[in-house]
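K.L.:
One structure coming up, written as structure tokens, with questions to follow.
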Amino acid sequence: MVKILSKSLFTLMIALMACLTSCKVDKGTPLIGKEKMADIIYDFYLTEGALDLTTIPSSHKRHYYYCNLLERHGITEAEFDTALSWYSRNSEDFMEVHKLVTEKLQKAKNELSHD
């Protein structure tokens, strides 16, 4: 009887372990790493702030300045969109990127205030 119970418990544990490991979702990896994504978003914020001060029509802003920004970082709009989509599905990773951006903005602000 103990042997049957032990065998049943072992089978149940194996089945439970199989279920638990099969429920794990593989997030994959982002097309653009966190540091580079933070650099790009930081530059987007700076560009947006500068463009808000100009009289350039909105449609021209996006086309020229944002495409130029992505080109400077060596990525296409499609690659950026893919990475942004990945980060939107992986909120913890996106929060880490956002923290890096916030730190970069704060550092720039501190440097400007000391000049």
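The values are calculated or read from the model by the stated rules, or taken from the named source; none is laboratory data. Just so it is clear, the model here is predicted, and its values are computed rather than measured. Glycine gets a Cβ as well: all are built from the backbone with ideal geometry, and neighbour counts include every protein chain shown.
K.L.:
Sort out for me the helices (runs of 4 or more DSSP H) sitting completely within the range 54-115 that have 2 or more residues that are surrounded by 16 or more Cβ atoms within 10 Å (Cβ to Cβ), touching an Asp or Glu at 6+ places or on another chain (Cβ under 7 Å) and touching a residue at least 24 places away in the same chain (Cβ under 8 Å). Can you show your working first?
P.N.:
Values: elements: 67-72, 77-89, 91-114.
Where helices (runs of 4 or more DSSP H) fall fully within the range 54-115 and carry at least 2 residues being surrounded by 16 or more Cβ atoms within 10 Å (Cβ to Cβ), touching an Asp or Glu at 6+ places or on another chain (Cβ under 7 Å) and touching a residue at least 24 places away in the same chain (Cβ under 8 Å), they are 67-72.
K.L.:
Could I ask something else about it? So which residues in the range 46-62 are under 23 Å from the mean Cα position of the chain (by Cα) and at pLDDT below 90?
P.N.:
THR47, GLU48, GLY49, ARG62, listed by residue number.
K.L.:
What do you reckon, is ASP43 at pLDDT 50 or above, in contact with a Leu (Cβ under 8 Å, 6 or more places away or on another chain) and under 27 Å from ARG89 (Cα atoms)?
P.N.:
yes
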